[in-house]
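**Student:** Can you read through this structure? Questions will come right after.
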Amino acid sequence: MKKITVGTYEAGWEQIELVLCEGYSGRFYFIPKEKNKPPRIEVGADHDKFIDVLDVLIHEIDEYVMSKMGLRYRPTETVTNSHDNYIFHMTHMQFTDKTSRISEFIYHSTKPLHQAWKKWKKTKNAKKKTAPHTP
């Protein structure tokens, strides 16, 4: 899977690596498989509009921070381990803290993410133009 590391940005007390990757969805890792790497958020780059990439990023950083703050719950255990079962619960003070952490990350990462996404799209479009035509 093709990936581009955008950079590492703060969300509260944490440094989180932001990676652009193939696809349309996102995911986060508290402990990436690679040794000595900070937590990571991966965002799908194949959207036609940057606002959709940003939507995925906001979803992932929001869920990441709420999980780290202990605000993500499962009402019951499930066999499928589906993410559809999560419930988020917080006080207004926790909401304010979460928002502050997320805002810091979004503020510093949006411009570099946009630049990396434009490069990604340009490279992908160039490959489409040079690909041989098959009937």
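The values are calculated or read from the model by the stated rules, or taken from the named source; none is laboratory data. For clarity, every value in this text was computed on a predicted model and none was experimentally measured. Here the Cβ positions follow ideal geometry from the backbone for every residue, glycine too, while neighbour counts run over all protein chains shown.
**Student:** Is it true that THR80 is surrounded by fewer than 16 Cβ atoms within 10 Å (Cβ to Cβ) and either under 23 Å from TRP120 (Cα atoms) or at pLDDT 95 or above (or both)?
**Tutor:** No, not satisfied.
**Student:** Identify, from the list ARG72, ARG101, ARG27, the residue that is of a type in the set (Lys, Arg), touching a His at 6+ places or on another chain (Cβ under 9 Å) and farther than 21 Å from LYS122 by Cβ.
**Tutor:** Criteria check complete, one pass: ARG72.
**Student:** Next question. Out of region 1-33, which residues are under 17 Å from SER103 (Cβ atoms), loosely packed, with under 15 Cβ neighbours inside 10 Å and aromatic (Phe, Trp, Tyr)?
**Tutor:** Scanning region 1-33 gives a single hit, TRP13.
**Student:** Within the set of pairs 6+ apart or on separate chains, which have a first residue in region 106-134 that is at pLDDT 80 or above, a second that is surrounded by 10 or more Cβ atoms within 10 Å (Cβ to Cβ) and assigned to a helix (DSSP H, G or I), and C-beta atoms under 6 Å apart?
**Tutor:** As it stands, the answer is HIS114/PHE50; TRP117/PHE50; TRP117/VAL53, since those pairs meet every condition given.
**Student:** Here's another thing I want to ask about it. For residues that are of a type in the set (D, E, K, R) and outside any helix (DSSP H, G or I), scanning just region 69-112, find the one that is farthest from VAL6 (Cα to Cα).
**Tutor:** Looking at the filtered set, the residue picked out is GLU77.
Conditions (1) of a type in the set (D, E, K, R); (2) assigned to a strand (DSSP E or B); (3) modelled with pLDDT under 95, marked per residue:
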position: VAL6; (1), (2), (3): no, yes, no
position: LEU18; (1), (2), (3): no, yes, no
position: ASP48; (1), (2), (3): yes, no, no
position: ILE51; (1), (2), (3): no, no, no
position: SER67; (1), (2), (3): no, no, yes
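**Student:** For region 70-77, state whether one or more residues are modelled with pLDDT of 90 or more, of a type in the set (Phe, Trp, Tyr) and closer than 28 Å to GLN15 by Cβ.
**Tutor:** The answer is no, given that none of the residues of region 70-77 is modelled with pLDDT of 90 or more, of a type in the set (Phe, Trp, Tyr) and closer than 28 Å to GLN15 by Cβ.
**Student:** Residues in region 45-62 that are within 19 Å of MET1 (Cβ to Cβ) and surrounded by 19 or more Cβ atoms within 10 Å (Cβ to Cβ): how many?
**Tutor:** Residues that pass the stated criteria total 5.
Each row is one residue, and each column tells you yes or no for (1) in contact with a helix residue (DSSP H, G or I) (Cβ under 9 Å, 6 or more places away or on another chain); (2) aromatic (Phe, Trp, Tyr); (3) surrounded by 10 or more Cβ atoms within 10 Å (Cβ to Cβ).
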residue	(1), (2), (3)
VAL65	yes, no, yes
MET69	yes, no, yes
ARG72	yes, no, yes
PRO75	yes, no, no
ASN85	no, no, yes
GLU104	no, no, yes
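**Student:** Can you confirm whether region 34-44 contains a residue that is among the charged types (D, E, K, R), within 19 Å of the chain's Cα centre (by Cα), surrounded by 14 or more Cβ atoms within 10 Å (Cβ to Cβ) and at pLDDT 95 or above?
**Tutor:** Yes, because at least one residue in region 34-44 is among the charged types (D, E, K, R), within 19 Å of the chain's Cα centre (by Cα), surrounded by 14 or more Cβ atoms within 10 Å (Cβ to Cβ) and at pLDDT 95 or above.
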